[in-house]
Amino acid sequence: MARKGITARNLASAGPYSHGVDADGLIFLSGQTPVDPNTGKLAAGDIKAQTEQGFKNLFSVLEAAGLTSDDVQKVNVFLTDMNDFPAMNEVYKMQFAEPYPARTTVGVASLPLGARVEIEAIAKIR
């Protein structure tokens, strides 16, 4: 099976990867950091602001695939400080409706450009 790449028009890639890949109806979305596509810099503000921008970027890729947050089945969240978990979780909860997607949250040593959060997901075409 050949990979079918998905590209969000407003996002840049910082390396040799696709924003998303369609694998027979499963859409694998690359991790999105809170880079503001208008400035190319990290979103200003706290973890809530960075989480909001990360989701905006992730949902841009979903939109390019013709999908919405309702199609997301699994989310992985990477935090550089697990003390940010409650604030990230407040923003996360507003992104999805119940039943929520499956999720893993992992503490990591660092993320590109000094981001505090990175979010990736798997969605399914209905």
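The values are calculated or read from the model by the stated rules, or taken from the named source; none is laboratory data. Because the structure is a prediction, the values reported are computed rather than measured. Heads up, the Cβs are rebuilt from the backbone with ideal geometry, glycines too, and the neighbour counts pull from every protein chain shown.
Entry remark, the stretch 55-78: residues being among the β-branched types (Val, Ile, Thr), touching a residue at least 12 places away in the same chain (Cβ under 8 Å) and surrounded by fewer than 20 Cβ atoms within 10 Å (Cβ to Cβ) number 0 in total. Comparison of GLY40, GLY25, GLY54 shows that the only residue that is under 15 Å from ALA123 (Cα atoms) and among the small types (Gly, Ala, Ser) is GLY25.
You will find that of ALA49, ALA2, ALA12, the residue that is modelled with pLDDT of 95 or more and either assigned to a loop (DSSP other than H, G, I, E, B) or of a type in the set (Gly, Ala, Ser) (or both) is ALA49 and no other. The residue that is farthest from the chain's Cα centre (by Cα), counting only those in the stretch 61-78 that are among the small types (Gly, Ala, Ser) and part of a loop (DSSP other than H, G, I, E, B), is GLY66. When you look at SER18, is it crowded, with 16+ Cβ neighbours inside 10 Å, among the small types (Gly, Ala, Ser) and within 14 Å of PHE96 (Cβ to Cβ), yes or no? Judged against the criteria, SER18 is not a match.
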